[in-house]
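See structure below.
We did not get these values from a lab; they are worked out from the coordinates using the rules stated. Worth saying up front: this structure is predicted, and the values here are computed from it rather than measured. With ideal geometry, Cβ positions are generated from the backbone for all residues, glycine too; neighbour counts draw on all protein chains shown.
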Amino acid sequence: MRRVWVVGLIVVVAGVTLSGCTEEPKPEPDSPGVIVPGRPGEDAKTLAPGAAPRAAAKDEPNDTDFRYVRMMIKHHRQALEMTSLVPQRGANPTLKSFASRIADTQGPDIKSMEAWLTKNGGGPAHDSHEQMRGMASPEQLAALRAASGPEFDKLFLQLMTAHHEGAVVMATDVLQTGSDVFVEEMAQDVVVSQQKEIGQMRAMGTP
C-alpha cells in the first residue's frame, strides 16, 4: 500500500507541475517593424517595435540649419528694405499691394527665425560676409532708392525676382542637408510661396 501511495503522489505532483507549465503565457509572435520614410535622398528605415516614438522626436539642428537661418534672416531683411521703398516711389497699385504682402509675411518670419536661434542657443558663428544667393548689391539698392515711377517698378521687379530665386535655391539646399523639423517646414514654405510670387512678378512685367 505504501508503494502505491508514493507512486500516486508522484503522479499528482507531476500533474500539478505540467498544469502550471501550460498556464504560462505564450510569447507573442514578433511584431512587424515600423517603416519610417527617409529624408530627401535617403532610403526608408525599418525600426524595431517601440523605437518609433523615439525616432519620431524632433531631430537636433545641425550646422546647415543654423547657417540657413542666419542667412535667411539677412535675406528677408533686405527684402523688407526693398519693399519699404515701394509706397513712396512705386507707381503700380498692384505692385504696391504685392510688396505689402511680402512685408507682412517676411517680417513675422524674421521674428520666428530669431526665436528659433535663441531657443537653440544661437548655434555656431558664421562669417557675416558669406555670399547669399539673390542679394542685391549696394549699387543696385542705391539705384532702386534713386528711381521712381515706372522706372522704379521695373527695377524693383527685376531685383525682387532675383532675390526670390536665390531664396528658393537656398531653401532647396537646406532641405537636402538640414535636420531640424522647424527649418525644414520653413524652407518648404519658402519654396512654395516664393515660386508663386515669382510667377506673379513676371506677370507684372519682369522678363
Any of Lys74/Lys154; Lys74/Lys196; Lys111/Lys154 with alpha carbons more than 28 Å apart? Name them for me.
Lys111/Lys154
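Under the classification rounded if a/c is under 1.5, otherwise prolate if a/b is larger than b/c and oblate if not, where does the range 80-207 fall, given a ≥ b ≥ c as square roots of the Cα gyration tensor eigenvalues? Don't skip to the end; give the middle numbers.
Values: a/c = 2.01, a/b = 1.78, b/c = 1.13.
The shape class here is prolate.
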Could you order the peptides 63-75, 186-198, 141-153 from most to least packed, using the average number of other C-beta atoms within 10 Å per residue?
63-75, 186-198, 141-153
Using 7 Å Cα-to-Cβ label points, what is the Ser179/Gln140 separation (nm, one decimal)?
3.4
Hz values of 3J(HN,Hα) by residue in the range 100-114 - Karplus curve (6.51, -1.76, 1.60), Gly and Pro given as x
5, 5, 4, 4, 5, 8, 7, x, x, 4, 4, 4, 5, 5, 5
